[in-house]
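Down below is the structure, laid out as structure tokens.
The values are calculated or read from the model by the stated rules, or taken from the named source; none is laboratory data. Fair warning: this is a prediction, and the values are worked out from it, not measured in the lab. Using ideal geometry, Cβ is built from the backbone for each residue, glycine included, and neighbour counts are taken over all protein chains shown. Areas reflect the complete protein model, heavy atoms only, side chains present, ligands, DNA and RNA absent. Shrake-Rupley method; radii C 1.70, N 1.55, O 1.52, S 1.80 Å.
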Amino acid sequence: MRPPVRPVLLLALLLPLLALSAPPSAAKRGQRRAETEAVIEGLLEGAPVPAAVSRLRFLREEAYAAEEITLALRKVLDERVRRNLTAVLAGLETREAEPTLARLAGDDDSAVRMYAAQGLARLKSRNTQVLLPLLQDKSSGVRREAARALGASRNPKMGAALMKAAKLEQELEVRAAMLTAVGDTGDAKQMPALKAYLTSDSESSRFAAARGLCRLGSPDGFAFAGKLLGSQDRFVRRQGLELYEGVSAKKAAPALKPLLEDKDRALAAGAARILYQGGDASMLDWLVLASWNAKGEEKLTYEKELETLQLADDRRKAILRKAGVAK
């Protein structure tokens, strides 16, 4: 049963009248909030999740939307709608959503639990106590997202629990998420246990262990990645590059800085993007200027990485002006 639809149309009619007496900034905020409510009403009627998330983030009323979704969740009984509302709440990436997401992590519905864990991961929530029980959840999707959320918490105390869960996990995709998350926690004590998986029969386990070790700054992880980067096969080399995702620029620089001159420009562009995400701000300038100077398909290579970073046009223009190549 759905809750009664709010009189959004009435609000829309009243807003122009209110705008006459309200300051411009208040009027605009009122309009944004009315549209936020309209988007949420659309979700209650079955509107798609991705479009709702995109619109709510564009309106920049994430906190207000989180409050409204929390209220709606207390009334909605339809399972599909509850799942969609939780998925949108997780996608808002606003701290105001954290208490509700933490509560929903214990929901009876596995999809709701999974989306709640995703949201807590995006917030890098330190609320690990609600996530730990989910490592034994009956749903593989919930276990996977719980592992990622525990890794995102950057809490070294979670490393041992994740390692223990990985040893018991039968689903290879979930085990891989757990091994990677061990590295994200920063628990260096788990290096020997991760190293043991470098010779696993499972390729996904080997790569996940290597990724976890790289994120911990382990020489064993970097050696594993280095062998792949030294291959003559470009696809194997790109696998090696992927192992540096999430590694700090300081730790990754010795291996990735030389790749900026590599003949494989996709590899070079990927290395620059990973270094930037790892904390080397100069790599964004490098990517923008490389794209500016490139032609044809090579230009698309750089633009693909810049799209991943969601570079705003004004930021791009500022970088080009600073380099003296654009007004």
Per residue convex hull volume, Cα only, the stretch 50-141, in Å³ is 87
If Lys and Arg each add +1 and Asp and Glu each add -1, what is the summed charge of the other residues whose beta carbon sits under 12 Å from the beta carbon of MET178?
+2
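Using a probe of 1.4 angstrom, how much of the accessible area of the stretch 90-137 is carbon and sulfur, in percent?
Working: 920 of 2050 Å².
Whole-percent figure for carbon plus sulfur exposure: 45.
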Can you pick out the pairs among LYS195/LYS227; LYS195/LYS251; LYS251/LYS317 whose Cα atoms lie more than 20 Å from each other?
LYS251/LYS317
Whole-angstrom Cα spans of the chain along principal axes, big to small:
67, 58, 29
Return the ratio Rg/(2.2 N^0.38 Å) for the stretch 193-327, where Rg is computed over Cα atoms only.
1.13
In degrees from 0 to 90, rounded to the nearest 10, what is the angle of the helix 282-293 Cα long axis to the longest principal axis of the chain?
90
With just the Cα atoms defining each centre, how far is the stretch 168-185 from the stretch 37-105? Give it in Å.
29
If you put +1 on each Lys and Arg Cβ and -1 on each Asp and Glu Cβ, how big is the dipole of the chain around its Cα centre, in Debye rounded to 20?
720
Working from Cα positions, state the angle (0 to 90°, nearest 10) between the long axis of helix 265-277 and the longest principal axis of the chain.
60
Work through the residues other than GLU297 whose Cβ is under 12 Å from its Cβ and net out their charges, Lys, Arg +1 and Asp, Glu -1.
+2
Ordering of 263-270, 182-189 by burial proxy (mean other Cβ atoms within 10 Å per residue, highest first)
182-189, 263-270
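Can you give me the convex hull volume of the Cα atoms of the stretch 61-196, divided per residue and expressed in Å³?
Working: hull volume 11.8 nm³, N = 136.
Cα-based convex hull of the stretch 61-196, divided per residue, equals 87 Å³.
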